[in-house]
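The values are calculated or read from the model by the stated rules, or taken from the named source; none is laboratory data. Nothing here was measured: the structure is a model prediction, and the numbers come from that model. Counting neighbours? That spans all protein chains shown, and the Cβs are built from the backbone with ideal geometry, glycine included.
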Amino acid sequence: MKNFTKLLAVVLCMVIALSTSACSLKPQYSYKTDDTELAIGVYIYALYSAYSQAQSLAQETEGYDSEAGTYDGSESFLKVQITDQDGVTATADQWITDQADKTLRNLLAIEHEYNRLGATMDEATVESYKASAKEYWDYGPYYAMYGEQYKSPYSDVFEPLGVSYESFEYFYVTSAKQEVVFDLLYAEGGEKAVSDEELTKYFTENYTSYSYFNTNMYETQEATADSAESGGALSTNVALSEKEMKKIESDFKGYADSLNGGKKFSDVSSKFTKDYELENDPSVSNVEIMDNSVIGADLVSAINDLDEGKATNKAIGEENSQVMYLFYKGKIADKVDEYIKDATNRKSVLQSFKGEEFTSYIDELAISLEVEISKAVSKYTPAMFEE
């Protein structure tokens, strides 16, 4: 998914930090091909998104002073040499312009493929993407979860820049089109169709099926009133007694032995839930590529060290804050039907398998397209966001 979503990451790059003077709102195109014309607002939005990304990259350079907010002594980062995740190095202003150009060309490439393949989207899908765009435009990203006090409409930032709602919404709809194009190319009968055999091979060689549960080997003690008043920590972790820790270790070794002896993980997890008088089963189960996992390096390492069908227990953490884990690695072959025959899971695996190839395909097509660029584009530069 990481590679698949990279192409239109600009859709989700919504870190709003700046406001500037209004640009012309006169309707005009920015980039166009024979069958598609993109509004100038689409270019401004892409330029702004690239500006935000470049600023983050500039803040990773040695010359950035976070306290002063300067870059090699300057308030502007536009002449700072930055390097992106693909290893491309350029001054920030050049990188921003190049990135915006690439984004517009890729958008046109997606439109080209969508039209060439005779693709369509059902109305419900289109309306779903438009509804998301409208919510962010009118209320911002946090309103739905936190309420009125977190209302921060994107329209307040983008309209003064010359980005209309239609241009903003365009990125959402084109993101949906990208998925449709991918599906048509790689699904059964598509020009780049992937067989069940190919997908199964990729899945079993790259994915891991695992489960775990845990319990703390410490307890948290609240600070006394005197300690809190004197500026001490509000709480502190204290290791359990040696006897208590030995019991936990013995219990978890027993759970691992049961699994290694052929017990089902669900049965062992239920026993753990009962033994430790928990209201609900706290176990975690997942199927994923471990290199992309966010569960933490220590947990990933412990799972990777296991053979399929095996379990182990391991204490992880610093002194006074150790957690005892029970890890179990399942047989990935047992998950094939669930992930290859199920439409939703299959699509996820397919995107993981062919995402990078698809991105390269769109990139190459974007370069080959005959694109006309409006003279109006030259009026918009990264420096406009610093005014």
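Residues in region 63-80: is at least one under 27 Å from Pro153 (Cβ atoms), modelled with pLDDT of 95 or more and surrounded by 13 or more Cβ atoms within 10 Å (Cβ to Cβ)?
yes
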Within region 340-354, is even one residue outside any loop (DSSP other than H, G, I, E, B), touching a Ser or Thr at 6+ places or on another chain (Cβ under 7 Å) and aliphatic (A, V, I, L, M)?
-> yes
Counting just the residues of region 42-62 that are of a type outside the set (D, E, K, R) and closer than 10 Å to Ile82 by Cβ, which one comes out surrounded by the most Cβ atoms within 10 Å (Cβ to Cβ)?
-> Ala54
If the Cβ limit is 8 Å and pairs must be 6+ apart or interchain, which residue in region 205-219 that is at negative phi and outside any strand (DSSP E or B) pairs with which residue that is among the charged types (D, E, K, R) and surrounded by fewer than 20 Cβ atoms within 10 Å (Cβ to Cβ)?
-> Tyr207/Glu288; Tyr207/Lys335; Met217/Glu244
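Determine whether Val173 is surrounded by fewer than 19 Cβ atoms within 10 Å (Cβ to Cβ), outside any loop (DSSP other than H, G, I, E, B), β-branched (Val, Ile, Thr) and in contact with a Leu (Cβ under 9 Å, 6 or more places away or on another chain).
Working: surrounded by fewer than 19 Cβ atoms within 10 Å (Cβ to Cβ): yes; outside any loop (DSSP other than H, G, I, E, B): yes; β-branched (Val, Ile, Thr): yes; in contact with a Leu (Cβ under 9 Å, 6 or more places away or on another chain): no.
Against the criterion (surrounded by fewer than 19 Cβ atoms within 10 Å (Cβ to Cβ), outside any loop (DSSP other than H, G, I, E, B), β-branched (Val, Ile, Thr) and in contact with a Leu (Cβ under 9 Å, 6 or more places away or on another chain)), Val173 does not qualify.
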Taking only pairs six or more apart or across chains, which ones have beta-carbon atoms under 6 Å, a first residue in region 278-290 that is free of Cβ contacts under 8 Å to residues at least 24 places away in the same chain, and a second residue that is of a type outside the set (Ser, Thr, Tyr)?
-> none
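Ser49 - would you say it is at pLDDT 95 or above and in contact with a Cys (Cβ under 6 Å, 6 or more places away or on another chain)?
Yes, satisfied.
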